[in-house]
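Where a number appears in this text, it was derived from the coordinates with a stated rule and is not lab data. Worth saying up front: this structure is predicted, and the values here are computed from it rather than measured. Reconstructed Cβ throughout: ideal geometry from the backbone, glycine too, with neighbour counts over all protein chains shown.
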Amino acid sequence: MAAHAGETAQETGDFRCERCHQATHVTKGHKIPKRPHCGSTSFDTRRNEP
């Protein structure tokens, strides 16, 4: 599932950055943030779903 910063997360999980491959945990209904480490706005997968 591809996602982008600024979108609302449809499900809770860890979104993996396409650039630095680090995970950002986002709760369902919250906005997906830019990666603070690399500034990327694209995420390619969601893992660790509840």
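Assorted remarks:
- A straight chain from residue 45 to residue 20 at 0.36 nm per residue would run longer than the Cα-Cα distance by 7.7 nm.
- Residues whose amide H comes within less than 5 Å of that of residue 18, counting only those at least five positions distant or on another chain, are 42, 43, 44 (H built at 1.01 Å from N in the peptide plane).
- A Cβ-based charge dipole, computed about the Cα centre of the chain with Lys and Arg at +1 and Asp and Glu at -1, lands at about 140 debye.
- Sites excluded, trypsin sites (Lys or Arg not before Pro) in DSSP loops with at most 16 other C-beta within 10 Å, longest stretch of the chain: 1-18
- When the alpha-carbon atoms of the chain are used, the pair Rg, Dmax equals 9.3, 27 angstrom.
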